[in-house]
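Novice: One structure, pasted below without further comment.
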Amino acid sequence: MQRRNFLKNTSLGMAALIVKPNFPFTQDTILGQGNKRYKIDTHWSQADVAKYPVNDCHEMIQDKKGRILLLTNETHNNVLIYDKKGRILDSWGHEYPGAHGLTLFDENGMEVLFICDNKRHQVIKTTIDGRVLMVLDYPKETGQYTKAEEYIPTETAITPDGDIYVADGYGKDFIMHYDASGKLINYFGGRGAEEKHLLNAHGVCLDFRNGGEPVLIVTSRQQNAFKRYTLGGEYINTISLPGAWVCRPVIKGDYLYSAVLQSNSRLWQHSGFVTILDKNYKVVSNLAGSEPTYEDGKPDEMYQTIKCFSYPHDVCIDDEENLYIAQWNSDKVYPYKLTPVI
Amino acid sequence: MKKLFLPILILLIFNNCYAQQTFQLAPPMLKYHSIFFQTPAMISMQFAQPDTKIFFTLNGKEPTQNDSYYNQPLEIQKSFTTLKAKVFGDGFLPSETVAITFIKDGLKIKSVQATEPNEKYPGNGAQTLFDNEGGVANSQSKNFIGYQTDSVVINVSLEKKQKITSVLLDFLRDYGSWIFLPESVRVYYFDDKKNEFQFLAEKKIVADSSQQSSATVFEILNTNKKVLSSKIKIVLKPLSFIPAWHSAKGQHGWMFIDEIKIY
């Protein structure tokens, strides 16, 4: 082939690329509905698996420097710190074999982390670079626990005053309320037949969206629901999400985001998706899930429609409204990044 | 043709490097009360993903886009009809196929007596086994009774003495929850003349490691004998040692059963 022909043919090839031929494998997959639709990038993480391995990717947050922190139960590096382009900036942590919950709190201008370790049966407060500031052991003082093993904390939520709420999501499903110094003030929830009780209280967060005193939103994952409580632990109501094994609620702006570990209709078959609720707790979009519909004010059963995710475990929303999805038990896959489609 | 080769090659290389992967659609949602029916069974299907369609067959063949697509609930009248359904949509790989067999009620059963199930999984007692409710793979469902014993004996009394040709048992398979099919099933019939139970049929089952998803599975035991009886005895052996390929190898398996049919 002559050089001129090569160039001609190559430019033809490039032209074909630019016009994007309508092959199925060249189309971007768009996830979600309405004004909450996203493009997915499964190769966001640039981490070298030999240097920065992960096991379960449990939770993620963004710090005020704009960095994305990932918590994994891989003790080679429990915390991986990324930039938004997926490049590794730093890592730390070897002592969190059950690293599960990761919450960021701005303590008088200094960002601190709360890690729930469900193998150590403890909640650990650290600086953003991993120096331990406080350790909360199992809440013996509630009278509900006889040994540490009964307590398997999964999540924390911190009030502006520094009060700490801990969800014992894999233990006895109580929500513990501590003051900022770690003194137990109250506990509520737990298992039982009443609406106020919980089953797999996997997440907890504070909702400031309606002004006034914030409310607590607690996951009751096996009941496919969130439950709302006052800060004092009084049950308010249940947000039923049929079919969806919701993990922790994450609020950003007017919306509540939650990874759905799996669909009730296909248990333990990698049937997860991500759900987004508006300010009125109405589902507005399911990413890789069924288009939300309501009948008599109640959502119809939700389920996975596209097999992009296996077992999504957390959603982190960055300052540019991109989402990062961490997954549990999904072949040690690094997080995916989702970019809004405008 | 030769001139086209290079651009096509480059196109393919670029696509493989930079294009996003193609995702597979999830299987359709099938809604039905039970796979067992007396009056015709009604099945509805759902898949709330725009620009996709559910294609299905009722003849046992793999659905293609040339088959019927779902637009209204189906009614199934014929026993042992297998519904196969699959979702297709542009830009996605088609879903896996979902296959469900619907089974009509058999000879009228008067009563069932069974070995006491595990206290955690009592179902609705022995009634569970002939209530025409079942075939939904959920270990928490009251439709199942669960055992983790060496042997389970189930005595079935028919409403009247009848010709018996086969026995159907419906089990749950859910390896993640240590729930296996029994390793053997033996069926006996009551011989009035001899005033004792006589052997009718036997089946041995090996746990298949390739079947990883949870599902209900029915086993049919046929007989060539000409048998008239009103009483059937079924002896089941839950899996005594979980095989080596499972994380719980060597442990005693669970057995969950939700329905018995006599034909």
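Novice: Pick from the stretch A:28-53 the residues that are among the hydrophobic types (A, V, I, L, M, F, W, C) and assigned to a loop (DSSP other than H, G, I, E, B): which of them is farthest from the other protein chains (Cβ to nearest Cβ)?
Specialist: Taking the stretch A:28-53 and keeping what is among the hydrophobic types (A, V, I, L, M, F, W, C), we get A:30-31, A:40, A:44, A:47, A:49-50.
Going one step further and asking which of them are assigned to a loop (DSSP other than H, G, I, E, B), we end up with A:44, A:47, A:49-50.
Numbers: A:44: 12, A:47: 19, A:49: 18, A:50: 22 Å.
Only one residue tops the list, namely A:50.
To keep it simple, each residue is scored yes or no on (1) surrounded by fewer than 19 Cβ atoms within 10 Å (Cβ to Cβ); (2) within 24 Å of residue A:269 (Cβ to Cβ); (3) more than 9 Å from chain A (Cβ to nearest Cβ); (4) not hydrophobic (A, V, I, L, M, F, W, C).
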position	(1), (2), (3), (4)
B:49	no, yes, no, yes
B:59	yes, no, yes, yes
B:63	no, yes, yes, yes
B:93	yes, yes, no, no
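Novice: To continue, here is another question. For residue B:110, are the conditions met, namely being more than 14 Å from chain A (Cβ to nearest Cβ), in a strand (DSSP E or B) and basic (Lys, Arg)? Break it down into steps so the answer makes sense when it comes.
Specialist: Working: more than 14 Å from chain A (Cβ to nearest Cβ): yes; in a strand (DSSP E or B): yes; basic (Lys, Arg): yes.
Yes: the conditions hold for residue B:110.
Novice: Still on this structure: Going through the stretch A:137-170 one residue at a time, which ones are closer than 17 Å to residue A:199 by Cβ and part of a loop (DSSP other than H, G, I, E, B)?
Specialist: Hits for the stretch A:137-170 are A:144, A:151, A:152, A:153, A:154, A:168, A:169, A:170.
Novice: If you take just the strands (runs of 3 or more DSSP E) that sit entirely in the stretch A:227-342, which of them hold at least 2 residues that are within 28 Å of residue A:191 (Cα to Cα) and of a type in the set (Val, Ile, Thr)? Break it down into steps so the answer makes sense when it comes.
Specialist: Details: elements: A:235-240, A:244-246, A:250-252, A:255-263, A:273-277, A:283-287, A:312-317, A:323-327, A:336-340.
Strands (runs of 3 or more DSSP E) meeting the threshold: A:235-240, A:250-252, A:273-277.
Novice: Among the candidates B:185, B:153, single out the residue that is surrounded by fewer than 17 Cβ atoms within 10 Å (Cβ to Cβ), at pLDDT 95 or above and away from every other protein chain (no Cβ under 14 Å).
Specialist: Working: B:185 fails: surrounded by fewer than 17 Cβ atoms within 10 Å (Cβ to Cβ).
The match here is B:153.
Novice: From the residues in the stretch A:292-323 that are touching a helix residue (DSSP H, G or I) at 6+ places or on another chain (Cβ under 9 Å) and not acidic (Asp, Glu), which one is farthest from the other protein chains (Cβ to nearest Cβ)?
Specialist: The initial filter retains those residues of the stretch A:292-323 that are touching a helix residue (DSSP H, G or I) at 6+ places or on another chain (Cβ under 9 Å), namely A:301-304.
Next, only the ones that are not acidic (Asp, Glu) stay: A:302-304.
Working: A:302: 9, A:303: 6, A:304: 5 Å.
So the residue we want is A:302.
Novice: Still on this structure, please answer the following. Condition check: in contact (Cβ under 8 Å) with a residue 12 or more places away in the chain, within 27 Å of residue B:76 (Cα to Cα) and surrounded by 16 or more Cβ atoms within 10 Å (Cβ to Cβ). Does residue B:136 satisfy that? Write out each step before concluding.
Specialist: On the way: in contact (Cβ under 8 Å) with a residue 12 or more places away in the chain: yes; within 27 Å of residue B:76 (Cα to Cα): yes; surrounded by 16 or more Cβ atoms within 10 Å (Cβ to Cβ): yes.
Considered against the rule, which asks whether it is in contact (Cβ under 8 Å) with a residue 12 or more places away in the chain, within 27 Å of residue B:76 (Cα to Cα) and surrounded by 16 or more Cβ atoms within 10 Å (Cβ to Cβ), residue B:136 comes out as yes.
Novice: Restricted to the stretch B:17-31, and to residues that are modelled with pLDDT under 95 and either part of a loop (DSSP other than H, G, I, E, B) or hydroxyl-bearing (Ser, Thr, Tyr) (or both), which residue is surrounded by the fewest Cβ atoms within 10 Å (Cβ to Cβ)?
Specialist: B:18
Novice: Can you find, within the stretch A:289-316, the residue that is surrounded by the most Cβ atoms within 10 Å (Cβ to Cβ) among those that are charged (D, E, K, R) and in contact (Cβ under 8 Å) with a residue 24 or more places away in the chain?
Specialist: Taking the stretch A:289-316 as the starting set, the residues that turn out to be charged (D, E, K, R) are A:291, A:295-296, A:298, A:300-301, A:307, A:314.
Checking which are in contact (Cβ under 8 Å) with a residue 24 or more places away in the chain leaves us with A:291, A:298, A:300-301, A:307, A:314.
Working: A:291: 17, A:298: 8, A:300: 16, A:301: 18, A:307: 21, A:314: 29.
Of everything passing the filter in the stretch A:289-316, A:314 is surrounded by the most Cβ atoms within 10 Å (Cβ to Cβ).
Novice: Related question: Would a scan of the stretch A:258-276 turn up a residue that is away from every other protein chain (no Cβ under 14 Å), over 12 Å from the mean Cα position of the chain (by Cα) and under 28 Å from residue A:52 (Cα atoms)?
Specialist: no
Novice: Kindly provide the set of residues from the stretch A:249-276 that are over 21 Å from residue A:340 (Cβ atoms) and touching a residue at least 40 places away in the same chain (Cβ under 8 Å), ordered by number. Give the derivation first.
Specialist: The first filter runs over the stretch A:249-276 and keeps only residues over 21 Å from residue A:340 (Cβ atoms), leaving A:261-271.
Within the stretch A:249-276, A:261, A:262, A:263, A:264, A:270 qualify.
Novice: Out of the residues in the stretch A:277-288 that are touching a residue at least 40 places away in the same chain (Cβ under 8 Å) and closer than 16 Å to residue A:224 by Cα, which is farthest from the other protein chains (Cβ to nearest Cβ)? Walk me through how you get there before you give the answer.
Specialist: Restricting attention to the stretch A:277-288, the residues satisfying the condition of being touching a residue at least 40 places away in the same chain (Cβ under 8 Å) are A:279, A:281, A:283-288.
Narrowing further to those that are closer than 16 Å to residue A:224 by Cα: A:281, A:283, A:286.
Values: A:281: 20, A:283: 12, A:286: 9 Å.
Result: A:281.
The values are calculated or read from the model by the stated rules, or taken from the named source; none is laboratory data. Quantities reported herein were computed from a predicted structural model and do not represent experimental measurements. A quick note on method: Cβ atoms are made from the backbone with ideal geometry, for glycine too, and the neighbour counts reach across all protein chains shown.
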